[in-house]
Amino acid sequence: MRKILILLLLTFSLSYASTYLDKFENKIKNISSIRGKFLQINTIEGFDQPQTFIGELYATKPDRLKIVYKDPYRQIILVEGRKSTVYTPEEKQAVISDLSEDFIIVKIFKILMENRSLKEIFSLDEEKNTDEGILISLVPKNEKGIKKVDLIIKKDLKIYKIKIYGEDSTVELQFPDIEYLDKKLDLRLDLPEDVEIIRQ
């Protein structure tokens, strides 16, 4: 009888054990904003050299996100709720449209900023410690063209890397110095008067 009771208690404890993903999401729930520089590496099957981009990411609750690409070209993406604006200074053009469901990076950060769980769109595949940090592997439930997303966080639960595996490509974002902030950020995009605005 004692063995059965211990087994039941052990099973109960394991079923309610907190995962690293749970701890990470609880950490995000207790902050107001995220900001940090990133290095983006796009690897496409059939191409010898990966594409690299340098930029900055800002996210603030409840539903605003700003991505500023600085190199090799400048482009600014502002997400406000369900609307997105993509501004390319070199072309003097801004495209305003409904937020695309295909932009998985934006979707991930939007879910986090809305205090929702990534388990809405992902199943937790595995968690393990690596040399880079804690690896959280996520498998999409319904995302077309995406096989897996690896999220690597540090011991302090800060995002270090996000890697998205597609059918024939990968997109990796590295965040060397991401910050979690207790204050909200004023995220806006002031377009020059000579910019052509395209609404889709």
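The values are calculated or read from the model by the stated rules, or taken from the named source; none is laboratory data. Everything numeric in this text was worked out from a predicted model, so none of it was measured. Cβ placement follows ideal geometry from the backbone for every residue including glycine, while neighbour counts extend to all protein chains displayed.
I'm trying to understand the selection: among the residues of the stretch 59-76, which are within 14 Å of the chain's Cα centre (by Cα) and part of a strand (DSSP E or B)?
Once the filter is applied, which keeps residues that are within 14 Å of the chain's Cα centre (by Cα) and part of a strand (DSSP E or B), the stretch 59-76 yields A59, T60, R64, L65, K66, I67.
Determine, yes or no, whether I34 is under 15 Å from I111 (Cα atoms), at pLDDT 95 or above and outside any loop (DSSP other than H, G, I, E, B).
It is true that I34 is under 15 Å from I111 (Cα atoms), at pLDDT 95 or above and outside any loop (DSSP other than H, G, I, E, B).
Please list, ordered by residue number, the strands (runs of 3 or more DSSP E) wholly in the stretch 115-200 having 2 or more residues that are in contact with a Gly (Cβ under 6 Å, 6 or more places away or on another chain) and β-branched (V, I, T).
Counting at least 2 such residues, we get 146-153.
Quick test of your reading of the structure: E143 fulfils all but one of (1) touching a helix residue (DSSP H, G or I) at 6+ places or on another chain (Cβ under 9 Å); (2) closer than 19 Å to Y20 by Cβ. Name the failing condition by number.
Tallying (1) touching a helix residue (DSSP H, G or I) at 6+ places or on another chain (Cβ under 9 Å); (2) closer than 19 Å to Y20 by Cβ, E143 fails exactly one: (2).
Test E167 against the criterion of being within 28 Å of G46 (Cα to Cα), of a type in the set (D, E) and in contact with a Pro (Cβ under 9 Å, 6 or more places away or on another chain), and give yes or no.
no
Mind checking which residues of the stretch 146-169 are closer than 19 Å to N30 by Cα and surrounded by 14 or more Cβ atoms within 10 Å (Cβ to Cβ)?
Answer for the stretch 146-169, where residues must be closer than 19 Å to N30 by Cα and surrounded by 14 or more Cβ atoms within 10 Å (Cβ to Cβ): I153, K154, L157, K158, I159, Y160.
Suppose the filter is surrounded by 14 or more Cβ atoms within 10 Å (Cβ to Cβ) and not aliphatic (A, V, I, L, M); does Y69 pass it?
yes
If I go through the stretch 43-68 residue by residue, how many of them are in contact (Cβ under 8 Å) with a residue 24 or more places away in the chain, touching a strand residue (DSSP E or B) at 6+ places or on another chain (Cβ under 6 Å) and closer than 24 Å to M113 by Cβ?
8
Answer yes or no as to whether I111 is closer than 26 Å to K158 by Cβ, within 13 Å of the chain's Cα centre (by Cα) and surrounded by 15 or more Cβ atoms within 10 Å (Cβ to Cβ).
Spelling it out, I111 is indeed closer than 26 Å to K158 by Cβ, within 13 Å of the chain's Cα centre (by Cα) and surrounded by 15 or more Cβ atoms within 10 Å (Cβ to Cβ).
Collect the residues in the stretch 37-65 that are modelled with pLDDT of 95 or more and of a type in the set (F, W, Y), keeping them in residue-number order.
The answer is F38, F53, Y58.
With respect to E126, determine if the residue is surrounded by fewer than 18 Cβ atoms within 10 Å (Cβ to Cβ), within 16 Å of K23 (Cα to Cα) and either within 16 Å of the chain's Cα centre (by Cα) or not basic (K, R) (or both).
Criteria met by E126.
Which of the following residues is in contact (Cβ under 8 Å) with a residue 40 or more places away in the chain, among the charged types (D, E, K, R) and surrounded by 12 or more Cβ atoms within 10 Å (Cβ to Cβ): E172, E143?
None of the others qualify; the one that does is E172.
Could you tell me whether R199 is in contact with a Leu (Cβ under 8 Å, 6 or more places away or on another chain), closer than 29 Å to A94 by Cα and surrounded by fewer than 17 Cβ atoms within 10 Å (Cβ to Cβ)?
The answer is no for R199.
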